[in-house]
1. I need the full set of residues from the stretch 131-141 which are without any contact (Cβ under 8 Å) to a residue 60 or more places away in the chain and loosely packed, with under 12 Cβ neighbours inside 10 Å, in order please.
2. Working only within the stretch 1-18, note down all residues that are out of contact with any strand residue (DSSP E or B) (no Cβ under 7 Å at 6 or more places or on another chain), surrounded by 12 or more Cβ atoms within 10 Å (Cβ to Cβ) and part of a loop (DSSP other than H, G, I, E, B).
3. Would you point out which residue out of 77, 124 is surrounded by fewer than 17 Cβ atoms within 10 Å (Cβ to Cβ) and either in contact with a helix residue (DSSP H, G or I) (Cβ under 8 Å, 6 or more places away or on another chain) or free of Cβ contacts under 8 Å to residues at least 12 places away in the same chain (or both)?
4. Quick one: how many residues across the stretch 88-121 are exposed (fewer than 15 other Cβ atoms within 10 Å of the Cβ) and without any contact (Cβ under 8 Å) to a residue 40 or more places away in the chain?
5. Does the stretch 19-37 include one or more residues that are surrounded by 15 or more Cβ atoms within 10 Å (Cβ to Cβ) and at pLDDT below 90?
6. Of the numbered conditions (1) closer than 21 Å to residue 151 by Cβ; (2) more than 16 Å from the chain's Cα centre (by Cα), residue 48 fails exactly one; give the number of that condition.
7. Looking only at the stretch 38-60, which residues are assigned to a loop (DSSP other than H, G, I, E, B), surrounded by 13 or more Cβ atoms within 10 Å (Cβ to Cβ) and on the phi < 0 side of the Ramachandran plot?
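The values are calculated or read from the model by the stated rules, or taken from the named source; none is laboratory data. These figures come from a predicted structure and were not determined experimentally. Every residue, glycine among them, receives a Cβ derived from its backbone with ideal geometry; neighbour counts consider all protein chains shown.
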(Lines give C-alpha, C1' and ligand atoms only; values in the text may rest on other atoms or scores of the structure.)
Protein backbone atom coordinates (compact mmCIF):
# COMPACT_ATOMS: atom_id res chain seq x y z
CA UNK A 1 0.00 0.00 0.00
CA UNK A 2 1.25 3.47 -0.84
CA UNK A 3 2.34 5.97 1.78
CA UNK A 4 -0.17 8.78 2.25
CA UNK A 5 1.69 12.10 2.34
CA UNK A 6 0.36 15.50 3.40
CA UNK A 7 2.15 18.82 3.19
CA UNK A 8 0.78 21.54 5.43
CA UNK A 9 2.14 25.06 5.23
CA UNK A 10 1.38 28.12 7.31
CA UNK A 11 2.74 31.62 7.67
CA UNK A 12 3.17 33.64 10.83
CA UNK A 13 4.19 37.11 11.90
CA UNK A 14 6.42 35.43 14.52
CA UNK A 15 10.08 34.89 13.62
CA UNK A 16 11.09 31.37 12.62
CA UNK A 17 13.69 31.06 15.41
CA UNK A 18 11.12 31.86 18.10
CA UNK A 19 8.65 29.32 16.74
CA UNK A 20 11.36 26.67 16.53
CA UNK A 21 12.54 27.30 20.08
CA UNK A 22 9.01 27.25 21.51
CA UNK A 23 7.39 24.49 19.43
CA UNK A 24 10.39 22.17 19.18
CA UNK A 25 13.09 22.86 21.75
CA UNK A 26 10.84 23.80 24.69
CA UNK A 27 7.57 22.10 23.73
CA UNK A 28 7.78 19.83 26.78
CA UNK A 29 7.37 22.89 29.02
CA UNK A 30 5.30 25.26 26.91
CA UNK A 31 2.61 23.05 25.36
CA UNK A 32 1.23 21.64 28.66
CA UNK A 33 1.30 25.19 30.09
CA UNK A 34 -0.66 26.68 27.17
CA UNK A 35 -2.98 23.70 26.59
CA UNK A 36 -3.60 22.09 29.99
CA UNK A 37 -7.08 21.07 28.85
CA UNK A 38 -5.52 18.84 26.16
CA UNK A 39 -1.94 17.91 27.08
CA UNK A 40 -1.13 16.68 30.58
CA UNK A 41 2.64 16.41 30.11
CA UNK A 42 5.44 15.96 27.62
CA UNK A 43 8.54 14.24 28.90
CA UNK A 44 11.79 12.84 27.62
CA UNK A 45 11.82 9.15 28.53
CA UNK A 46 15.01 8.16 26.71
CA UNK A 47 18.04 10.02 25.43
CA UNK A 48 19.22 13.62 25.71
CA UNK A 49 16.71 15.34 23.41
CA UNK A 50 18.69 14.75 20.24
CA UNK A 51 18.20 12.19 17.47
CA UNK A 52 17.23 8.78 18.82
CA UNK A 53 15.61 10.24 21.93
CA UNK A 54 12.07 9.26 22.87
CA UNK A 55 9.42 11.73 24.06
CA UNK A 56 6.16 10.65 25.67
CA UNK A 57 3.08 12.85 25.47
CA UNK A 58 0.32 12.20 27.98
CA UNK A 59 -3.13 13.39 26.90
CA UNK A 60 -5.77 14.48 29.43
CA UNK A 61 -8.62 12.13 30.32
CA UNK A 62 -11.56 11.99 27.95
CA UNK A 63 -9.65 11.93 24.66
CA UNK A 64 -9.56 8.75 22.57
CA UNK A 65 -5.76 8.92 22.67
CA UNK A 66 -4.17 8.66 26.13
CA UNK A 67 -0.50 8.79 25.18
CA UNK A 68 1.91 9.02 22.28
CA UNK A 69 5.59 8.27 21.98
CA UNK A 70 7.77 10.05 19.43
CA UNK A 71 11.26 9.11 18.35
CA UNK A 72 13.29 12.16 17.38
CA UNK A 73 14.85 11.38 14.01
CA UNK A 74 16.63 14.68 13.30
CA UNK A 75 17.12 17.98 15.09
CA UNK A 76 18.88 20.70 13.09
CA UNK A 77 18.99 23.88 15.18
CA UNK A 78 20.97 25.79 12.57
CA UNK A 79 18.46 25.15 9.76
CA UNK A 80 15.40 25.13 12.05
CA UNK A 81 14.39 21.63 10.97
CA UNK A 82 13.02 18.75 13.01
CA UNK A 83 11.72 15.30 12.20
CA UNK A 84 10.16 12.61 14.33
CA UNK A 85 8.25 9.36 14.05
CA UNK A 86 5.27 8.30 16.14
CA UNK A 87 6.33 4.92 17.51
CA UNK A 88 3.53 4.28 19.99
CA UNK A 89 0.04 5.58 20.61
CA UNK A 90 -3.35 4.22 21.59
CA UNK A 91 -5.61 4.55 18.56
CA UNK A 92 -3.11 6.43 16.40
CA UNK A 93 -1.43 3.32 15.02
CA UNK A 94 -4.56 1.23 14.43
CA UNK A 95 -4.52 1.76 10.65
CA UNK A 96 -0.86 2.61 10.09
CA UNK A 97 2.51 1.06 10.82
CA UNK A 98 4.13 4.44 11.22
CA UNK A 99 3.60 8.18 11.06
CA UNK A 100 6.55 10.46 10.39
CA UNK A 101 6.75 14.24 10.35
CA UNK A 102 9.33 16.60 8.90
CA UNK A 103 8.98 20.19 10.09
CA UNK A 104 10.90 23.15 8.71
CA UNK A 105 10.71 26.79 9.80
CA UNK A 106 11.90 29.49 7.39
CA UNK A 107 12.19 33.25 7.74
CA UNK A 108 10.11 35.42 5.43
CA UNK A 109 11.13 38.76 3.94
CA UNK A 110 8.52 40.47 6.13
CA UNK A 111 10.25 39.31 9.32
CA UNK A 112 7.84 36.50 10.09
CA UNK A 113 8.06 32.87 9.13
CA UNK A 114 6.75 30.04 7.03
CA UNK A 115 6.28 26.60 8.55
CA UNK A 116 6.15 23.47 6.41
CA UNK A 117 5.12 20.11 7.86
CA UNK A 118 5.33 16.97 5.73
CA UNK A 119 3.47 14.04 7.29
CA UNK A 120 3.79 10.50 5.96
CA UNK A 121 1.38 7.74 6.96
CA UNK A 122 2.47 4.17 6.17
CA UNK A 123 -0.69 2.00 6.18
CA UNK A 124 -0.78 -1.46 7.71
CA UNK A 125 -0.87 -4.35 5.26
CA UNK A 126 -4.33 -4.67 3.71
CA UNK A 127 -5.65 -1.42 5.21
CA UNK A 128 -6.79 1.40 2.96
CA UNK A 129 -6.41 4.84 4.47
CA UNK A 130 -7.89 8.12 3.30
CA UNK A 131 -7.19 11.77 3.96
CA UNK A 132 -10.31 12.02 6.16
CA UNK A 133 -8.81 9.44 8.55
CA UNK A 134 -6.19 11.99 9.63
CA UNK A 135 -8.01 15.29 9.21
CA UNK A 136 -8.59 15.77 12.96
CA UNK A 137 -4.91 15.16 13.82
CA UNK A 138 -3.80 17.69 11.22
CA UNK A 139 -6.32 20.23 12.51
CA UNK A 140 -5.08 19.70 16.10
CA UNK A 141 -1.48 20.33 15.02
CA UNK A 142 -2.56 23.54 13.30
CA UNK A 143 -4.49 24.63 16.40
CA UNK A 144 -1.43 24.06 18.62
CA UNK A 145 0.64 26.21 16.26
CA UNK A 146 -1.95 29.02 16.48
CA UNK A 147 -2.04 28.89 20.30
CA UNK A 148 1.75 29.09 20.51
CA UNK A 149 1.82 31.87 17.93
CA UNK A 150 -0.73 33.89 19.94
CA UNK A 151 1.35 33.39 23.09
CA UNK A 152 4.52 34.58 21.33
CA UNK A 153 2.78 37.66 19.92
CA UNK A 154 1.41 38.53 23.37
CA UNK A 155 4.84 37.89 24.96
CA UNK A 156 7.44 39.37 22.59
CA UNK A 157 10.29 38.66 25.02
CA UNK A 158 9.51 34.92 25.18
CA UNK A 159 11.96 32.77 23.23
CA UNK A 160 13.64 35.88 21.79
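1. Correct list: 132, 135, 136, 139.
2. If the condition is that a residue be out of contact with any strand residue (DSSP E or B) (no Cβ under 7 Å at 6 or more places or on another chain), surrounded by 12 or more Cβ atoms within 10 Å (Cβ to Cβ) and part of a loop (DSSP other than H, G, I, E, B), then 13 is the only one that fits.
3. Exactly one residue qualifies, and that residue is 77.
4. Looking only at that region, the number is 6.
5. Taking every residue of the stretch 19-37 in turn, none turns out to be surrounded by 15 or more Cβ atoms within 10 Å (Cβ to Cβ) and at pLDDT below 90.
6. That leaves (1) as the condition not met.
7. Result: 38, 51, 53, 60.
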